[in-house]
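The structure appears right after this line, and notes come after that.
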Amino acid sequence: MKRHIFLIVWSVFVILLSSFFIFYIYWDLNQPKIGPMGNGPTAPTFIQMLPIYCALMLGILNLAAGIYRYNKYKREQY
């Protein structure tokens, strides 16, 4: 049972962490940049965002799998 709970907790952690990085990237994108780094915001490319979106999707899929396995384990107990 501990591994099912661990999978759910880890999946939530991965979802929150990747969501934090997505929000941080877009927050930093909208911050004014002056001086030598100026010239306005540059949007992140698809390749730069791909690992974060993949981690988010893996977290969502593992959360669904963890909940399914936990429910299946609980049904087998009774």
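The values are calculated or read from the model by the stated rules, or taken from the named source; none is laboratory data. Everything quoted here is computed from the prediction, not taken from an experiment. Positions of Cβ are backbone-derived with ideal geometry, glycine not excepted, and every protein chain shown enters the neighbour counts.
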Identify, by number, the condition in (1) under 30 Å from Met1 (Cβ atoms); (2) surrounded by 11 or more Cβ atoms within 10 Å (Cβ to Cβ) that Ile52 doesn't meet.
(1)
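Condition check ((1) under 11 Å from the mean Cα position of the chain (by Cα); (2) of a type in the set (D, E, K, R); (3) at pLDDT below 85; (4) over 30 Å from Gln77 (Cβ atoms)) across all residues:
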{"position": "Ile8", "(1), (2), (3), (4)": "no, no, no, no"}
{"position": "Phe13", "(1), (2), (3), (4)": "yes, no, no, no"}
{"position": "Leu17", "(1), (2), (3), (4)": "yes, no, no, yes"}
{"position": "Tyr26", "(1), (2), (3), (4)": "no, no, no, yes"}
{"position": "Asn39", "(1), (2), (3), (4)": "no, no, yes, yes"}
{"position": "Pro44", "(1), (2), (3), (4)": "no, no, no, yes"}
{"position": "Ile47", "(1), (2), (3), (4)": "no, no, no, yes"}
{"position": "Pro51", "(1), (2), (3), (4)": "yes, no, no, yes"}
The one condition Pro44 fails out of (1) assigned to a helix (DSSP H, G or I); (2) surrounded by 14 or more Cβ atoms within 10 Å (Cβ to Cβ) is (1)
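With the structure loaded, tell me whether Leu61 is touching a residue at least 12 places away in the same chain (Cβ under 8 Å) and surrounded by 11 or more Cβ atoms within 10 Å (Cβ to Cβ) or whether it fails that test.
Details: touching a residue at least 12 places away in the same chain (Cβ under 8 Å): no; surrounded by 11 or more Cβ atoms within 10 Å (Cβ to Cβ): yes.
Considered against the rule, which asks whether it is touching a residue at least 12 places away in the same chain (Cβ under 8 Å) and surrounded by 11 or more Cβ atoms within 10 Å (Cβ to Cβ), Leu61 comes out as no.
Counting just the residues of segment 64-78 that are free of Cβ contacts under 8 Å to residues at least 12 places away in the same chain and over 23 Å from the mean Cα position of the chain (by Cα), which one comes out farthest from Ser18 (Cα to Cα)?
Across segment 64-78, the extreme among qualifying residues is Tyr78.
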